[in-house]
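Visitor: One structure coming up, written as structure tokens, with questions to follow.
Any read-out appearing in this document is the output of simple, stated calculations on the displayed coordinates, not a laboratory observation. These figures come from a predicted structure and were not determined experimentally. Every residue, glycine as well, gets a Cβ built from its backbone with ideal geometry; the counts of neighbours run over all protein chains shown.
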Amino acid sequence: MQLTQEQIEAWRDRRYHRTPSLRLRTEEAARAFVDEVGFCFLFGAKGIEMPTLWAAITGAKRDVPAHHNDPDLGRTWTWKDTLPARGEVYYGKLLCAKPMMVSLELVPTFYALSPNYGELDDYLEQYQEGRMTVEAKNVYEALLNEGALATSRLRQVAGLAGSGSVARLFDRALTDLQTEMKIVKVGISDANRWGYAYVYDLFLRRFPDVPERARAISTDQAMDTLLSRYLQNVLAAPESMARRLFGWDDWEWNRLLERLTGRGLIQRLPRLEGARGAHLA
């Protein structure tokens, strides 16, 4: 396979809806875009190639403005709240600890790679084995016992109200629990002094059917699906970037590439015009 940077960028412009004619103008179009690409970042992550909701809304390669009175930025912020609140897409921090959207079709695939068994008390085994911080345990149990909570109230119930190091521990707990698909954002609230706060709940209460659907998906199948969809979106990417994005163990990664290259679904390119290092395409 011979690919040029121009071909790759032209593919991404179409796939990412990064052109004026393809830009997203409605919430319905935004949901269809997430379904089309499968998963995307909200604004992006440094050093990672990925479709973004922001680029699809702007229909261009455009930096995020520093001011807040930009119409495209307003739509991005609004739709990333309204679409998940209606249960039409999944929104949370899954890859690279960055906010992203996932189509409902692929949520069980991600869940199949999580450390969960599909029970509300899964977290206890992780905590007892030292794989969960006490702060994450407290946040999870606050939601388990109280139900959905706005961020400000969640801080209080979890015993993590405060600034400085306490605030950092709380934020880390939220990120860890989202990455492991234990909690999820379910809405917004005006219950703080800024009039805007996320509302969190347990993943299993929001998506009770996902664990059963995920049981039918093996680890190999889940990895195959996610890497294949990723490469369908970006067309070609440095192998090192793809590994960093998903963070899978070396032995899993090597077996994954053997499977997909053996079936002719992807190719490993030793070099690519204008780029360094091995690429996947």
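Visitor: Quick one: dipole size for the chain, taken about the Cα centre, charges +1 on Lys/Arg Cβ and -1 on Asp/Glu Cβ, in debye to the nearest 20.
Guide: With Lys and Arg at +1 and Asp and Glu at -1, about 740 debye.
Visitor: Taking the Cα centre of region 101-234 as the origin, how large is its charge dipole in debye, to the nearest 20, when only Lys and Arg (+1) and Asp and Glu (-1) carry charge on their Cβ atoms?
Guide: Values: 14 positive and 18 negative charges, 106 e Å.
Dipole size: approximately 500 debye.
Visitor: Out of the trypsin sites (Lys or Arg not before Pro) in region 133-204, which ones are loop residues according to DSSP with at most 13 other C-beta atoms within 10 Å?
Guide: Arg193
Visitor: So what is the calculated 222 nm ellipticity per residue for the chain, using -39500 (n - 2.57) for each DSSP H run with n of 4 or more, over all residues, to the nearest 500 deg cm²/dmol? Walk me through the numbers on the way to the answer.
Guide: Details: 14 runs with 137 residues, N = 281.
About -14000 deg cm²/dmol.
Visitor: For a paramagnetic label modelled at 7 Å from the Cα of Arg205 toward its Cβ, which residues of region 104-138 fall within the zone defined by backbone nitrogen distances under 18 Å?
Guide: Zone members listed by number: 118-124, 136-138.
Visitor: Work out how far the C-alpha atoms of the chain reach from end to end along every principal axis, then list the three figures in whole Å, largest first.
Guide: 57, 46, 35
Visitor: To continue, here is another question. For Lys61, go through the aspartates and glutamates and keep the ones whose alpha-carbon is under 20 Å away, minus same-chain ones fewer than eight residues off.
Guide: Glu6, Glu9, Asp13, Glu36, Glu49, Asp70, Asp72
Visitor: Using only the alpha-carbon atoms of region 42-101, report the extent along each of the three principal axes, biggest first, to the nearest angstrom.
Guide: 27, 27, 18
Visitor: If a paramagnetic tag sat 7 Å from the Cα of Gln7 along the Cα-Cβ line, which residues of region 263-281 would have the backbone N under 16 Å from that point?
Guide: Residues 266-275, 279-281 fall inside that zone.
Visitor: While we're on this one: Please work out whether region 96-157 counts as rounded, prolate or oblate from its C-alpha gyration tensor, where a ≥ b ≥ c are the square roots of the eigenvalues and a/c under 1.5 means rounded, while otherwise a/b larger than b/c means prolate and anything else oblate?
Guide: oblate
Visitor: Just to be sure I understand the curve: with the Debye formula and one point per C-alpha of region 137-216, what is log10 I(q)/I(0) at q = 0.11, 0.15 Å⁻¹?
Guide: -0.29, -0.52
Visitor: Using every pair of alpha-carbon atoms in region 1-137, split the distances into 5 Å bins beginning at 0 and state the percent of pairs per bin, rounded to integers.
Guide: In whole percents, the pair-distance histogram is 2, 9, 16, 19, 17, 13, 9, 6, 5, 2, 0.
Visitor: Identify all aspartates and glutamates with a Cα-Cα distance to Lys137 below 16 Å; exclude those on the same chain that are fewer than 8 residues away in sequence.
Guide: List returned: Glu119, Asp121, Asp122, Glu125, Glu129, Glu146, Asp171, Asp176, Glu180, Asp201.
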